[in-house]
Structures are given as C-alpha cells and as structure tokens.
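The values are calculated or read from the model by the stated rules, or taken from the named source; none is laboratory data. Keep in mind it's a predicted model, so treat the numbers as computed, not measured. Positions of Cβ are generated from backbone atoms using ideal geometry, with glycine treated the same way; all protein chains shown enter the neighbour counts. Ligands, DNA and RNA are excluded from the accessible area calculation, which covers all protein heavy atoms including side chains. Shrake-Rupley method; radii C 1.70, N 1.55, O 1.52, S 1.80 Å.
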2 protein chains.
Amino acid sequence: MCGYANRIAYIDLTRSKVRFRKLKERFLREYIGGRGLGARYLYDLLPPKIDPLSPLNVLIYAVGPLTGTGAPGSARGAVITKSPKTMTFDDSHAGGFFPSWLKIAGYDALIIMGRASKLSYIYIDFDGKISIKDATHLKGYGVFKTEEVLREEVGDKQAKIASIGPAGENLVKLSGIIVDKHHIHARGGPGAVMGSKNLKAIVVSADTRNPRFEIKDVDGFKEYNNWYVKEKIFSEEYSWAKNGGTPEIVEWSNEAGVFPTRNFQTGVTDNWSLLAVETLKKYRTSKAACYRCSVACRNLTRIKDDKWGEITIDGPEYETIGMVGGATGITDFKAVVALNSLIDDLGLDTISTGNIIGMIMELYEKRLISKNDLNGIEAKWGDAEAAYELIKMIAYRKGFGDIMAEGAREVAVYIGGDAWKYAVETKGLEYPAYDPRGSWSMALAYATADRGADHLRAWSIAEEAFGELDPFTAEGKAEIVKRLQDLNSVKWCMIWCDFIAINYEEMSRYLNLVTGWDTTPEELAFKGERIWNLIRLFNVREGFRREDDYIPYKIAYEPMPSGPAKGKRVSPEDFEKMLDDYYKLRGWNREGIPTRKKLAQLRLGRVAKKYSYPRYHP
Amino acid sequence: MCGYANRIAYIDLTRSKVRFRKLKERFLREYIGGRGLGARYLYDLLPPKIDPLSPLNVLIYAVGPLTGTGAPGSARGAVITKSPKTMTFDDSHAGGFFPSWLKIAGYDALIIMGRASKLSYIYIDFDGKISIKDATHLKGYGVFKTEEVLREEVGDKQAKIASIGPAGENLVKLSGIIVDKHHIHARGGPGAVMGSKNLKAIVVSADTRNPRFEIKDVDGFKEYNNWYVKEKIFSEEYSWAKNGGTPEIVEWSNEAGVFPTRNFQTGVTDNWSLLAVETLKKYRTSKAACYRCSVACRNLTRIKDDKWGEITIDGPEYETIGMVGGATGITDFKAVVALNSLIDDLGLDTISTGNIIGMIMELYEKRLISKNDLNGIEAKWGDAEAAYELIKMIAYRKGFGDIMAEGAREVAVYIGGDAWKYAVETKGLEYPAYDPRGSWSMALAYATADRGADHLRAWSIAEEAFGELDPFTAEGKAEIVKRLQDLNSVKWCMIWCDFIAINYEEMSRYLNLVTGWDTTPEELAFKGERIWNLIRLFNVREGFRREDDYIPYKIAYEPMPSGPAKGKRVSPEDFEKMLDDYYKLRGWNREGIPTRKKLAQLRLGRVAKKYSYPRYHP
C-alpha cells in the first residue's frame, strides 16, 4: 500500500517478544491511521474496566499515510491508550521529527504491551530492527539529558527520541511522552502509561534519503503540494504562524475575555501584553518548524538572568502561556519560559500542570490549604518560584505533590469541603486556556470531548468568540462542535496538525495522491463521524454516560466578574440545552449512548457487539 | 452509644495527620457498622472512576456493634475500599483477634487515606493513641515474620496485627490484608490498596479487661447469649464446625458434582477424599477459634516431610482446598497445606490464586502458553512444585507473573486467541469453589455479587445443591439470591461471621441488648436491602450495568462432562431468565439500575442524587 510503511510491530515487553504484521487495505481504508487505527485497536485489545497502569493496557504509537510526506502539518504522530487520568480513551498528538522518523524507518504503528522487568528503551536501528535495551542507567533523568545520552549511546546524532521524564517514571497522571525535547503527547497521562511499562524511551534511527514508504503519484503529489503551500500556507490566513505562532492567541483571548486568569477567576489579565507576542519577540532567537513543515509556527526563545540562568526552549505555546502564566497569575515572560523548560524536562503536561498550580494558589488564597501542607511553600498568585517548587513536588510526588500528581479533581476530593468549587475540569482532565463563559460552545466542546476537557476536539471558539458568532447563546452550538469533532477525527488519522485549516476535499485529494485510492470528501466525513462514534462506544463500555459530560462549578454558577464576558456564565439550563441538541444531532439517546439506528448507519453495529473480552458468548 | 467505641479515626498518610470523630446515633442506626458504615463512607468520599491504587482511594477498616462482645461469630472486621481488581465496591471480612482488639482499643473504624512517603505502619497503643511509624525495615517481609518483628518492636506480645506481604507491596491485584497470620481480608485486592498507601501493617495493643465500649444490657446480653450458644451453637446444626470445619464441604461438593476440578473442567475429583476431613484429621493438631467464639470451626494442622519441611497453619479452609487443590488437580493434602502457608505468608487470596494457577495449567495443557513464558516451569495438572513457583512469580510479579498478578481475565486478554474461554470469573474476580453448573443459583449469585464472583453474598447452594431445591432450574432462584444478599448485607454490619445461621429476629435481639435500641427484625431486613442497593448505586456510578453481570464461557457453553451434574450447563437463556427475575424482584430496570421508585421506597433518593464530587451543582 502506498502511503504506508506496511508494517506494524507488536512489542510485548513482558515476554520480550516482537512480532510484525501487515495491515490489510480494507482495514486501512476504514481506519486510515493515527487516531482511527488506534481507536479500533484499543477497542479490540482492551477489555472494559481494566487498570490503565497495569501491563494490560496497550500503548499505541501510530502515524498516518501523510506522515513524513512533507505535506504541510503532516509531521505528526499519535499516542493512543486508555488514559489513567480519565479512564477514557485517549489519543494525544505531537509533531517534531520523531513521528516522521518512525514512518521513514518503516513502521505505521508500534503496539506496545506488557511491562518490562526493568527500565528499558526500544531502539529501531537503521535496518528497521527493533530491540529492547536496558535503560536502568537513565532512571530519574530529565528528558533533555535522556535524549542526549541515548543519541550518544546508539551512535546516531540524528536519532529521534520519544521519552518520559521523572514524572512519567513516577506514574504522575499529568505526565506526557516528549518527542524532540519540546513536542509532547501531553494530555491524559500517556507518560504514566509508558512509565508503568518500564519504558523510558523509544529511539529511532532512519535514513531520510531512503524512506520505507512510497507515494503513489509522486508528481501529482508534488504539484498539488506546491500549489497548496503557495496558495494556502503562504497566504494571509497563516500569517499568525509566521508572525507570533500560537502566542498570537494571548491577545485574541484577552480581547474576547476568555483568558484563564488566576484559575478562571476572570477572563482578562491586566498585564496580558507581558505574555503576548510583543514580549515573546524580545526573547525569540529564531522561528522553527517540524519535519518539512512549511507552516513553521514555532518560536525558539532564550532567556538569561540571575534567577533562572540561561534557558533555551522551543516554545512557549499559547496553552502554556495561558495555563502556566495566566491561570497562575504569573505575567513574567521569562518565568513562563523557565517553567515551560522545567515542565518539559520533567515530562509533564503544561496545561494540567498550570491548571493545578492555579487551583492550589486559589485554595491557598481561600485558606483551604496551608503552607504546612505544601512543604512550606507559600503558594501566592504570580509567585513563579513557588510554582517552580510545586511543579517539582508534582513530578516527584513529594508530600502533597502526590495528590496534585493525580489531578485537580483529586486535589478537590482530598481536601474536601468547598474545594471542589475550585477544580476546573471535565472527566478528571483539567481545563485548557479558554474560559467557556466567554465562548459557550467551548463548554460543550470540553464536556463532550472524548478524553475529558480538551480544546482541540472542537476548537469552536475560532468561529464563535474569535469569529462571527454570538458567544453568549446556546443556539446552534451543537452543530459546530459536532462538525469540528468529526472533521478532526479524520484529520488525526492522516495525520494533520491542528493548525492546518484543511477541508475534506483537500484531505481526500492529498490522501488519494499518496495512496492511489479514490476516496471522496463525503467518505472522509463519514469516516470522521464513524471514528468519533467508535470512541464514544469505547467510553460507554467503560461506563461513561451523560452525567460524565459535565461542566465545572465555576463555569455554571459564577458569572464572569470582569472583561468582555462580564456577568456571563453557562447556566445549567443553557448547558443542558446544548447537550440535548448535541446528543440529538449525533443520533445518541438521552444518556449519550449511540442508538442502534445510528450505529447501523455508521456500519458500527457489529463492532459494537464485538467485545474484545466477551460477556459469555463467542 | 452502647455497643460502639464512639470513635473513628481519619488517618491521612499523605499529611501525617490523624483526626477523630464521633458518629451520630442517627447515622449508626441507619448504617450500623462494618459493611453498612463503609458503604456510605465510600459512596461519599470517592468520586466516580478514580484510580483505586491512587492515594485518593480510602481504605476503611470497620468493626460493628457486636464485634468483641463474645457473641458467637462476632469477632469480625471489615475492610471496605474501591477494588483495584474489579473497580467495584469491595468489602472483605475476616475474623481472628485483630478486629476485636481494634474495638477494645476504642475504634469503630479507621478511615485511611492518602499515601505515606515511605513504607510505614500504624500503631494504636494501650492508650488508644495512633502513631504512624517507619516500616522500611519490613520491606519485602512475609506476613509471618512481619507479625513477629512488630510484636517485638512495640513490646506487646499480645498485640494484634493486620499486615500485607510482598504481594500487597507489589500491588498484586490478588493480594489481601492478613490478620493473625491466617485470617485474610482476601478478595478484590485490598492488600494492593494497602500497599499503594505504603502501609505495611496496623498494630493494635489493647487491654481486654478494659474494653473501650459498653454493652447496654449486660445481664440480658449474657443470658441471651448463653441461651443462644447452648441451644444453637452447641446443637447438631453446628456439628460440622466441631468436626471438620469448612473442609466438610469437600465431601458435599463432590457429592453434588460442583467441586472445581482442574479449572472447572468437571465437578468431581476422583480422589477427593485425599482432600477431605478424613485426611485433614491425620494432620490436625487441634481445633481453634476466633476471639471468644464458641463455634470454634478452625483447624490447626501440621505437616512435616522432606519436600515441604515442617509447616503449621491455621487451615486449610474449604475454599483453599477447592481452589488450590481441586482446581489445580493437586490432591496431596500436605501440598495444599504447604501452598496455603506460602500464599498466606506472601499475602495472597487463596481463591483467586488457585483459580489462576488452574487456568495457567489448562492453558499449558492446551498449548496456549509454553514453559518459555513461565520461566521454564512446566505447569502440569497436579504439580504442586510448579504451583509453588507460579505463586511466587505472582507475588513478586516475576516474568509472566506480572500478568497473572492482574487476574484470570487479564491472563486471557494478554494471551489472546481462545484463552478467554478458560478464564472463569465475573467482573474480573475469579470464581470460588462451587461450579454453578451443578447449582444454578450460584451462577446468579456470582453474577450479581457486588464485588465480582463471590460465594458469600448469597451462599444459595446450601438450599439448592446441598439442600432440597432442584439445582437444574432457573425457577425461583432470584428469590433465594436476593433474600440471602439482603440478609448478609445487614449481618456484615454488626459483624457476624458467615458461619452463623442467624436470622433477623435473633440479630435484632442481639443488637438491641448491646445498644439499647428497639430495632425490629423488619427494620433490619429493610436496612439490609437498603445497603445492597446503596452499593449497587456505587457500582452503577462506576459504570457497571447488566452487561457486567455475566457468567463465563465454560459455565454457559460447556456441559459438565461427568458427575452428578453431567450434561448440565447454565445456558444463556436460563441465565438471562434468572437475571430478569432478579432485577424485577429487586426493583431495578433492565439495565440493572435501581428505579426511582425503589430508591424512594428505600429512602435512598437523596443519597443517589448526592455525588461526593458533584457534576456542576452543589
């Protein structure tokens, strides 16, 4: 099959065995790659209600037919696993170079199961051979040092690495898998799953001049891609990327009043410009891009001062600025860079980490937690040094960090009393950096996102608070959210970056040029919806229902105190209306379960019946 | 309140804090103690879908108003927690001396939360003072040695101890909490929860001459108790206890054709008498009893030979004989004693352990697993030495033991292919030693037991295969199962031993004499049903539904090949009928969810609405 490496590897860490398999065209046409491939595998391989940190969980690293082709925004890989943070399906995407390297080395996916008897890493050498190697000497290493040592060890300075830091090793539920130092499969705790498998890293050597996959219509692809890059990527539409990258959103968010200020106490930060592009530019050393990506949205920044020393990172992105900056009241850009670097090196998710630090600061303000509980740290708003120490407590599960390492919900439950009012999360995943009180569709997007509060499943704010639609009505929001969820579900199969505003037509064009298929835009739309429903079935099987599609207290009951969204909240009535609309539009019943009719229409009837671990019938 | 110590302790291991609380009479009248108290606490303290091995889980050790009073079979304690094995509610009971000691020391319950920063133990001294002490020197110790060292350390030879072995420390999902060496809170993995909290042991010193609780009507209690012991316990009804104890059941089971022979391949073991009371008596050194229990059902046995050396245990019980003996094809009594001793010392559940060893032996027979997968062990039927090594692999999570340590379901899933046909479990908890094909009500009892396949929630076999009822019909079985589940739900609040055939009238008499209340038998019946439903609500909240109330493949599809139940199976049709009857009788809907009407009738409407972690409303 063109577009594919035509090889997936099952890596059994318990029995130290590697098996290979070639995927059938029929399967690939249905599930394509990345998210879709992972969704079907996870559905088939996992029985319901197993412990996601047990060796039973599988960690799937999948790329797609576009990965590594040089199409803009296609340098992506997906990690698919059962989330130990939310107990739901989890897929988490990242760019950089590692995903392309994996494809070039000849793999569409790695299915990693079991648990190594000691800390290990997986090495894929230039021949594509997979070996499981000792990594006990890397125990406790940060990500930066891990990458450095492993490149040295395999004798390939260009080797690309996916690894975990101490946070993943310590099974911190906010830990991610980091590729190329600053790209991270962050949300839902995939780092903890990797840690639970005693897997420190995956190292890939690959010869980019001899990729182990083919493009069907090389000339056609080149021509179309050149046109696409010239007409789209180099157009005004992507100027944000060339200019500030995602930090451009700091301004948009504050102007819309949705910037997560001090744990969502309000939606505007007074000195937001200190966190915005104009400040970023003072520290930026250059722009950067993922493998062969013409968008080049990334910023390399360097800070140097007495407090933090000299630090260079690829970042910070908007989400980091919003959650590690805004949500904690830290408006010192250099501090955000320093914290970003620490979080990456420890292997944490900047969104969840920032959210929890912000929550701790609010609990401290409200005297619901004392410095005695926090190893003597005075967790005051805006105190970057306090945040620095709290982050380390999380990664090393030190003292109360052991609770913080579980999540905002868990902090609330552990403290008890009124603390739950300050946890801003859905399904146990912490809110990212858009306050839905200023963009109501985001409340629905977070609530219905498959892996808990996630802004990427449907970045509907672009059409709403950042676009033309009225942000303060429940009307018509279900449609946008569903449309974007379905679109992204198929985008993340190929795998496109979230920053590419690509439509079904363009996607099918690219896909057909690469594979030689004749997929229509309509088919892709169908597949997107199908994959969204398959993942819902996974979550339903795990016991998730309407009551898990909730919004947190602050969003529902505390009107925004200031800014453009002043006085607004997403009332339970408004929210329930959006949810009702959404379920109806999706063809799900009132409990949020896909109806038989819908499943039949999506050709999921048989899949829904097939349990990987059957009740009692074969 | 008479009958109570009037003190519960919240032990926060993360923050090293202990708080005390007195329970209100109103609460106690509703939930009584033990299982009931724990059920309400767990429902209120845990948000749905949290990781049971995270510091968020609570480990509740609760006694009841009868504990320590000297009433027959009342020397019991309950561990209540969210099970890491099944993800359901879990309560697990044990006798011995520890539970009475805890009550005498002045505690109705310990609510243990968080996680200690290093391996620790809790000590309750003669003054009732609670301290958290270092236990790092006990790391890896077996239970026997742990008890010995701790008694020495606290300087009280009579101190009673609840502890975990290496299995609990290694978070083995089949690990229990062992009290007094051979009594075990076994099922559902409470040992792993204790291990996850870095808690090696709880040690209690108590002065039995000065118990910290009172009996309201001392003379009345004495008189009634004397009558009860004389008329009931010393009657023919309890002769089984005086004679062989639970091993008497080996004969009954084989005669009924329900003895779990070679992983439930059949229901009769050829040489069953080698495992029965006549053999036991050869090795028995004396009978024994739990604290002040007049039933005295226990057997102390000693073996001595070249292979196993000299071993003395309190045991083996029927379940151990059935699962470690019958289910593995081991019919050497001495071997069963040796394995029992090993399992206790390592801190494992004999039922689940035996079940999994049996399954491994069957998979080995069927060539679905090889000796290469098993560290070179040839897992042949009846090979006690192989079993011995496999048990150690489980406790230390060595090699494939890491998968076995998760459970039979997990072994099946990990191996894939047809392996699932050989997993005999419900909700991830392995079947105990009664094959339901010879006693159909047990299929329903296992399927609907709150903590997964459990024989104690409704030991309906006593009325069916061991009694007068036709074992091979689905008719009328729902009624027995419901009746016994409700009865046991309240029995386990006070806490009575399973071996006491006590009715509501006698229970209320005892309870009223101890507390001074005026509880009627009808009220107790109501409370029993109420608690059963509260626990169902907990499981429903965790996402359990009808599809989780299943029976395994063998029971549904493989007719019993020999013995009195030859040709019988519990067909899906028969099973579904029993389940339908049962839900209807319970006032649950088709999905197994209590209806609003039922909840209102049981005064659970408000509790059902109250989430410990609310959706978005207070």
(Q) Can you tell me which of (1) modelled with pLDDT under 95; (2) in contact with a helix residue (DSSP H, G or I) (Cβ under 7 Å, 6 or more places away or on another chain); (3) within 30 Å of residue A:103 (Cα to Cα); (4) not hydroxyl-bearing (Ser, Thr, Tyr) is the one residue A:297 doesn't meet? (A) (1)
(Q) Please verify whether residue A:254 is in a helix (DSSP H, G or I), buried (at least 22 other Cβ atoms within 10 Å of the Cβ) and either of a type in the set (Val, Ile, Thr) or not assigned by TED's automatic domain parsing to the domain that holds residue A:508 (or both), treating the condition exactly as stated. (A) yes
**Q.** Inter-residue pairs, beta-carbon under 7 Å, first more than 28 Å from residue A:291 (Cα to Cα) and in the stretch A:79-101, second open to solvent by 10 Å² or more (accessible area, probe 1.4 Å) and aliphatic (A, V, I, L, M), 6+ apart
**A.** A:84/A:53
Q. Of all residues in the stretch B:170-195, how many are among the polar types (S, T, N, Q) and either at pLDDT below 95 or assigned to a loop (DSSP other than H, G, I, E, B) (or both)?
A. 1
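One line per residue, one yes/no per condition, for (1) open to solvent by 20 Å² or more (accessible area, probe 1.4 Å); (2) within 26 Å of the chain's Cα centre (by Cα); (3) farther than 29 Å from residue B:430 by Cβ:
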{"residue": "B:505", "(1), (2), (3)": "yes, yes, yes"}
{"residue": "B:511", "(1), (2), (3)": "no, yes, yes"}
{"residue": "B:527", "(1), (2), (3)": "yes, yes, yes"}
{"residue": "B:532", "(1), (2), (3)": "no, yes, no"}
{"residue": "B:551", "(1), (2), (3)": "no, yes, no"}
{"residue": "B:561", "(1), (2), (3)": "yes, no, no"}
Q: Kindly indicate whether residue A:568 is open to solvent by 10 Å² or more (accessible area, probe 1.4 Å) and either among the charged types (D, E, K, R) or more than 23 Å from the chain's Cα centre (by Cα) (or both).
A: yes
Q) Quick one: how many residues across the stretch B:206-250 are out of contact with any Ser or Thr (no Cβ under 9 Å at 6 or more places or on another chain), closer than 24 Å to residue B:8 by Cβ and among the hydroxyl-bearing types (Ser, Thr, Tyr)? A) 0
(Q) Which residue is surrounded by the most Cβ atoms within 10 Å (Cβ to Cβ), if the candidates are limited to the stretch A:577-589 and must be within 14 Å of another protein chain (Cβ to nearest Cβ) and under 23 Å from residue A:432 (Cβ atoms)? (A) A:578
Q: Return yes or no: is residue A:374 over 23 Å from the mean Cα position of the chain (by Cα) and over 24 Å from residue A:276 (Cβ atoms)?
A: yes
Q.
So if I check each of B:422, B:431, which one is touching a residue at least 40 places away in the same chain (Cβ under 8 Å), away from every other protein chain (no Cβ under 12 Å) and out of contact with any Leu (no Cβ under 9 Å at 6 or more places or on another chain)?
A. B:431
Q: Scan the stretch B:227-249 and report the pairs whose first residue is farther than 24 Å from residue B:272 by Cα and whose second residue is open to solvent by less than 10 Å² (accessible area, probe 1.4 Å), with Cβ atoms within less than 6 Å and a gap of 6+ or a chain change.
A: B:229/B:72; B:233/B:72; B:233/B:295
**Q.** The listed residue being at negative phi, of a type in the set (Lys, Arg) and either crowded, with 23+ Cβ neighbours inside 10 Å or modelled with pLDDT of 95 or more (or both), out of A:536, A:545, A:541
**A.** A:536
Q. Out of (1) open to solvent by 20 Å² or more (accessible area, probe 1.4 Å); (2) assigned to a loop (DSSP other than H, G, I, E, B); (3) of a type outside the set (D, E, K, R), the odd one out for residue A:300 is which?
A. (2)
Q: Only residues that are assigned to a helix (DSSP H, G or I) and exposed (fewer than 11 other Cβ atoms within 10 Å of the Cβ): list them for the stretch A:206-225, please.
A: A:219
Q) What tally of residues in the stretch A:446-470 results from selecting those that are touching a His at 6+ places or on another chain (Cβ under 9 Å) and free of Cβ contacts under 8 Å to residues at least 40 places away in the same chain? A) 1
Q: Determine whether the stretch A:10-26 contains at least one residue that is open to solvent by less than 20 Å² (accessible area, probe 1.4 Å), within 30 Å of residue B:374 (Cβ to Cβ), modelled with pLDDT of 95 or more and in a loop (DSSP other than H, G, I, E, B).
A: yes
**Q.** Selected residue (only one of B:116, B:167, B:162 is on the phi < 0 side of the Ramachandran plot, of a type in the set (A, V, I, L, M) and assigned to a helix (DSSP H, G or I))
**A.** B:167
**Q.** Looking only at the stretch B:378-411, and only at residues there that are within 14 Å of chain A (Cβ to nearest Cβ) and part of a loop (DSSP other than H, G, I, E, B), the one that is farthest from residue A:114 (Cα to Cα)
**A.** B:396
Q) helices (runs of 4 or more DSSP H) wholly in the stretch B:487-563 with at least 3 residues that are within 14 Å of another protein chain (Cβ to nearest Cβ) and either basic (Lys, Arg) or within 21 Å of residue B:26 (Cβ to Cβ) (or both) - which ones? A) B:521-541
Q.
Against the conditions (1) hydrophobic (A, V, I, L, M, F, W, C); (2) over 29 Å from residue B:51 (Cβ atoms); (3) surrounded by 24 or more Cβ atoms within 10 Å (Cβ to Cβ), where does residue A:466 fall short? Just the number, please.
A. (3)
Q: Report yes if residue B:362 is within 11 Å of chain A (Cβ to nearest Cβ) and either under 20 Å from the mean Cα position of the chain (by Cα) or open to solvent by less than 10 Å² (accessible area, probe 1.4 Å) (or both), otherwise no.
A: no
Q: State whether the residues of the stretch A:18-35 include one that is among the aromatic types (Phe, Trp, Tyr), in the same structural domain as residue A:198 (by TED's automatic domain parsing) and over 23 Å from the mean Cα position of the chain (by Cα).
A: yes
(Q) Suppose the filter is closer than 25 Å to residue B:35 by Cβ, without any contact (Cβ under 8 Å) to a residue 60 or more places away in the chain, among the acidic types (Asp, Glu) and open to solvent by 10 Å² or more (accessible area, probe 1.4 Å); does residue B:479 pass it? (A) no
**Q.** Index of the failed condition, residue B:34 passing every other in (1) away from every other protein chain (no Cβ under 13 Å); (2) open to solvent by 10 Å² or more (accessible area, probe 1.4 Å)
**A.** (2)
